[in-house]
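Undergrad: Below: one structure in structure tokens.
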Amino acid sequence: MDDSAAIVFLTAAATLRTATPLILCAMGGLFSERSGIVDVGLEGKMLIAAFFAAVAAATTGSAWWGLAAAIASAEFLALVHGFACITHRGNQVVSGVALNILAAGLTVVLGNAWFHQGGQTPALAAGQRLMPLLSPRAGDNVLVYVALASVPLTWWMISRTRFGLRLRAVGEMPLAVDAAGISVAWLRYRAVLLCGFFAGLAGAYLSIAQNAGFSRDMTAGQGFIALAAIIFGKWRPFPAFGACLIFGLFDAVAIRLQGVTLPGLGEVPVQLIQALPYLLTIFLLAGFIGRAVAPKAIGLPYEKEH
Amino acid sequence: MSWSQRSLPAWAEILLVPLINVALAFLVVGIIVRLIGIDPFHALGRLVVGAVGSPESIGYTLYYATNFVFTGLAVALAFHAGLFNIGGEGQAYIGGLGCGVAILAFDKYLPGWLMVPLAITAAALFGAAWAAVPGWLQAWRGSHIVITTIMFNFVASALMVYLLVNVLIAPGSMTPQSREFGPSGQLPALSGSALNLSIVLALGCCVAVWLFLWHTRWGYALRAMGHNPQAALYAGTDLKRMTMLAMCLSGALAGFVGVNELMGVHHRIVLDFPAGYGFAGIAVALMGRNHPVGVALAALLFGALQQGGAELSFDEPAITREMVVVIQGLVILFSGALEHLPRPWIMHLLPRRG
């Protein structure tokens with residue numbers, strides 16, 4: 001391989017590595033948001049999943065138990081979110097914010113109480129992690145492929161199955177779904193649980209695949225970048241996937257561009273590249289680049305008439 | 001939702017429901033502490049002593065409470081306008097930037113009695129400006145304020161890292177922080193702790209927010225918009241301008257965290273000084289039922305938890321200071337998202353009236 005080909009390969013691999021948790025998280029968030037449940041709590045779900053994945057992998061010695069614990073813990077938060085927003089018709093944003101803060105605190109408190117390392121979990125050995133399958137340099141562990149497969153799967157589920165049709169309907173007009181005799185609550189619960197499942201995978205990826213252990217606040221806003229990707233992709237799976245790849249590329253490039261002077265531009269501040277996903281989303285939402293239209297019933301609790 | 005709210009008497013609505021919500025949150029906290037292997041009542045005792053056991057610890061409690069008052073009021077004021085401002089963190093950060101830049105520019109030339117009001121004004125203006133953009137985007141471009149304020153938190157953080165690393169860093173310094181403020185840019189401490197004159201500003205803000213919301217025409221229009229935008233529009237309120245006003249005031253209040261932290265304690269611009277106060281403001285506002293008196297009381301409680309929690313973590317290394325963050329999350333969950341949870345229980349217990 002010559003130099004430029006190597007750079008392209010490595011950048012592509014790095015992009016995919018950083019995009020993987022975003023893709024998983026965004027696909028999960030899509031189910032929830034398309035059903036009308038805002039999910040600001042992706043970050044918290046991913047964080048708690050990353051924590052329990054590392055804890056379970058460290059204590060049982062098996063990465064698969066880590067994966068299971070990640071999904072279970074993210075599903076728990078998803079159920080709390082559903083209980084608050086669907087059953088008790090609470091404010092969905094408030095619930096999401098609460099779960100984010102709860103996860104940020106709880107992971108450090110429990111991590112410190114159990115391992116006495118200031119919120120970190122013990123470093124994982126190779127056998128306790130999900131290792132690259134083909135190329136160690138590319139870092140292509142199983143979750144990378146799961147993430148890639150999750151996009152067509154999500155697309156198929158949302159736009160080609162009966163469940164998906166109803167899911168979209170419940171996000172646009174729950175009254176019609178209710179009138180057709182289908183339970184709005186049960187549909188939304190399933191959407192929220194699917195969201196928890198994918199967010200759990202994303203969290204596990206962070207702590208037992210990409211890294212060898214959990215460190216405090218290790219999600220570092222990636223849940224919000226995933227949320228931005230959903231909006232950027234206008235609540236559709238493939239465009240959201242594209243947004244994840246672009247945001248992943250920013251991250252991969254930011255590390256490479258540190259201290260590099262670009263011809264014509266001068267030195268680009270790394271912080272600017274890091275802020276780009278957020279800035280682009282702000283511009284998109286403001287209608288300066290296209291228009292992002294959310295599902296109509298998003299954020300609104302559904303109340304049966306009495 | 002409305003039917004279940006109506007049928008509870010006022011005292012249950014104002015006192016009982018919030019108290020049960022907070023009690024539920026603390027019940028869960030107790031269970032978590034128990035799971036860690038510590039007696040919750042023992043921990044509570046140590047926490048109370050740590051929070052109010054000495055003049056110094058009372059000083060720290062009040063100092064933390066000052067921050068919570070600012071961010072709590074910021075969230076509460078926006079809530080009254082029907083806006084959910086999650087951007088307190090970024091607004092506090094940028095408010096601190098304004099405060100710090102004003103001091104760095106003028107502290108050599110101005111005496112304290114001019115410098116302090118100028119810096120406070122700068123904090124308010126910068127905080128307001130950072131909140132005004134999401135406000136403008138919501139009012140004129142239709143983007144949702146929750147999403148934009150979240151994004152603005154991250155943008156603020158990136159901006160501040162850039163400025164501190166590249167622009168404001170003290171010459172010859174290795175750590176990304178500005179030079180120390182001159183004496184005129186430092187607020188006098190009030191006791192042997194971090195408590196400083198900012199608490200007077202915090203109390204003043206409580207009174208001012210109360211006067212504004214309930215005793216001015218603008219405050220009335222703002223609350224009307226939060227209650228029923230259609231009705232407010234019909235009554236002649238300019239919803240766009242009212243959104244801007246609410247966000248600017250909210251951002252200015254959050255910006256005052258910079259006054260307490262930078263002018264009062266650090267005496268220079270440092271990284272990450274908002275340290276979660278912006279998010280905690282949501283818990284404070286929800287617990288204080290969006291009323292300045294409630295916010296002040298909730299802020300005191302959270303201040304005591306912060307200080308007591310810090311002391312507790314010295315005695316009991318198994319409990320870290322982040323326990324306070326857990327409590328904040330649970331309070332937001334139970335007082336906010338699950339606020340209707342206890343209603344059916346109370347309905348069952350209360351005697352039915354004709």
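Undergrad: Looking at residue A:157 and the list (1) of a type in the set (A, V, I, L, M); (2) buried (at least 16 other Cβ atoms within 10 Å of the Cβ); (3) closer than 24 Å to residue A:220 by Cβ, which single condition is not satisfied?
TA: (3)
Undergrad: State yes or no: is residue B:151 more than 9 Å from chain A (Cβ to nearest Cβ), surrounded by 18 or more Cβ atoms within 10 Å (Cβ to Cβ) and either free of Cβ contacts under 8 Å to residues at least 24 places away in the same chain or not in a loop (DSSP other than H, G, I, E, B) (or both)?
TA: On the way: more than 9 Å from chain A (Cβ to nearest Cβ): no; surrounded by 18 or more Cβ atoms within 10 Å (Cβ to Cβ): yes; either free of Cβ contacts under 8 Å to residues at least 24 places away in the same chain or not in a loop (DSSP other than H, G, I, E, B) (or both): yes.
For residue B:151, the condition - more than 9 Å from chain A (Cβ to nearest Cβ), surrounded by 18 or more Cβ atoms within 10 Å (Cβ to Cβ) and either free of Cβ contacts under 8 Å to residues at least 24 places away in the same chain or not in a loop (DSSP other than H, G, I, E, B) (or both) - is not met.
Undergrad: Which residue pairs have Cβ atoms under 8 Å apart, sit 6 or more places apart or on different chains, and have a first residue in the stretch A:159-187 that is farther than 19 Å from residue A:83 by Cα and touching a residue at least 24 places away in the same chain (Cβ under 8 Å) and a second that is among the hydrophobic types (A, V, I, L, M, F, W, C) and not in a helix (DSSP H, G or I)?
TA: What qualifies is A:172/A:297; A:173/A:297.
Undergrad: Looking only at residues in the stretch A:247-306 that are in contact with a His (Cβ under 9 Å, 6 or more places away or on another chain) and within 15 Å of residue A:228 (Cα to Cα), which one is farthest from the other protein chains (Cβ to nearest Cβ)?
TA: Filtering the stretch A:247-306 for residues that are in contact with a His (Cβ under 9 Å, 6 or more places away or on another chain) and within 15 Å of residue A:228 (Cα to Cα), the one farthest from the other protein chains (Cβ to nearest Cβ) comes out as A:294.
Undergrad: Filter the stretch A:77-98 for residues that are more than 7 Å from every other protein chain (Cβ to nearest Cβ) and within 16 Å of the chain's Cα centre (by Cα) and give the result.
TA: The answer is A:77, A:78, A:81, A:96.
Undergrad: Here is a follow-up. Take residue A:62 and tell me if it is of a type outside the set (A, V, I, L, M), surrounded by 24 or more Cβ atoms within 10 Å (Cβ to Cβ) and either within 25 Å of residue A:108 (Cβ to Cβ) or in contact (Cβ under 8 Å) with a residue 24 or more places away in the chain (or both).
TA: On the way: of a type outside the set (A, V, I, L, M): yes; surrounded by 24 or more Cβ atoms within 10 Å (Cβ to Cβ): no; either within 25 Å of residue A:108 (Cβ to Cβ) or in contact (Cβ under 8 Å) with a residue 24 or more places away in the chain (or both): yes.
When the stated conditions are applied, residue A:62 does not pass them.
Undergrad: Which residue is nearest to residue A:11 (Cα to Cα), if the candidates are limited to the stretch A:214-245 and must be without any contact (Cβ under 8 Å) to a residue 12 or more places away in the chain and not in a loop (DSSP other than H, G, I, E, B)?
TA: Among those residues, the one meeting the criterion is A:242.
Undergrad: Further, regarding this structure: Does at least one position in the stretch B:311-327 carry a residue that is farther than 23 Å from residue B:45 by Cβ and in contact (Cβ under 8 Å) with a residue 60 or more places away in the chain?
TA: no
Undergrad: For the stretch A:105-137, which residues satisfy the criterion of being within 8 Å of another protein chain (Cβ to nearest Cβ) and either polar (S, T, N, Q) or under 26 Å from residue A:16 (Cα atoms) (or both)?
TA: The one that is within 8 Å of another protein chain (Cβ to nearest Cβ) and either polar (S, T, N, Q) or under 26 Å from residue A:16 (Cα atoms) (or both): A:112.
Undergrad: Confirm whether residue A:220 is within 14 Å of chain B (Cβ to nearest Cβ), hydrophobic (A, V, I, L, M, F, W, C) and surrounded by fewer than 24 Cβ atoms within 10 Å (Cβ to Cβ).
TA: yes
Undergrad: Any residue at all in the stretch B:343-354 that's within 12 Å of chain A (Cβ to nearest Cβ), of a type outside the set (Asp, Glu) and touching a residue at least 24 places away in the same chain (Cβ under 8 Å)?
TA: yes
Undergrad: In addition: Test of understanding: among B:72, B:37, B:45, B:50, which residue is surrounded by 15 or more Cβ atoms within 10 Å (Cβ to Cβ) and more than 24 Å from residue B:213 (Cα to Cα)?
TA: None of the other options fit; the residue is B:50.
Undergrad: Okay, next question. Confirm whether residue B:126 is modelled with pLDDT of 95 or more and assigned to a helix (DSSP H, G or I).
TA: It is true that residue B:126 is modelled with pLDDT of 95 or more and assigned to a helix (DSSP H, G or I).
Undergrad: Looking only at the stretch B:320-334, which residues are outside any helix (DSSP H, G or I) and facing another protein chain (nearest Cβ under 7 Å)?
TA: Across the stretch B:320-334, the qualifying residues are B:320, B:322.
Undergrad: Being of a type in the set (Phe, Trp, Tyr), surrounded by fewer than 21 Cβ atoms within 10 Å (Cβ to Cβ) and either touching a residue at least 12 places away in the same chain (Cβ under 8 Å) or more than 10 Å from every other protein chain (Cβ to nearest Cβ) (or both) narrows it down to one of B:130, B:140, so name that one.
TA: The unique qualifying residue is B:140.
Undergrad: So which residues in the stretch B:181-227 are free of Cβ contacts under 8 Å to residues at least 60 places away in the same chain and of a type in the set (Val, Ile, Thr), if there are any at all?
TA: B:200, B:216
Undergrad: Please name all residue pairs, on different chains or six or more residues apart, with Cβ atoms under 9 Å, provided the first residue is in the stretch A:247-268 and is free of Cβ contacts under 8 Å to residues at least 24 places away in the same chain and the second residue is among the small types (Gly, Ala, Ser).
TA: If the second residue must be among the small types (Gly, Ala, Ser), the pairs left are A:267/A:259; A:268/A:254.
The values are calculated or read from the model by the stated rules, or taken from the named source; none is laboratory data. For clarity, every value in this text was computed on a predicted model and none was experimentally measured. Note: ideal-geometry Cβ built from the backbone for every residue, glycine included; neighbour counts use all protein chains shown.
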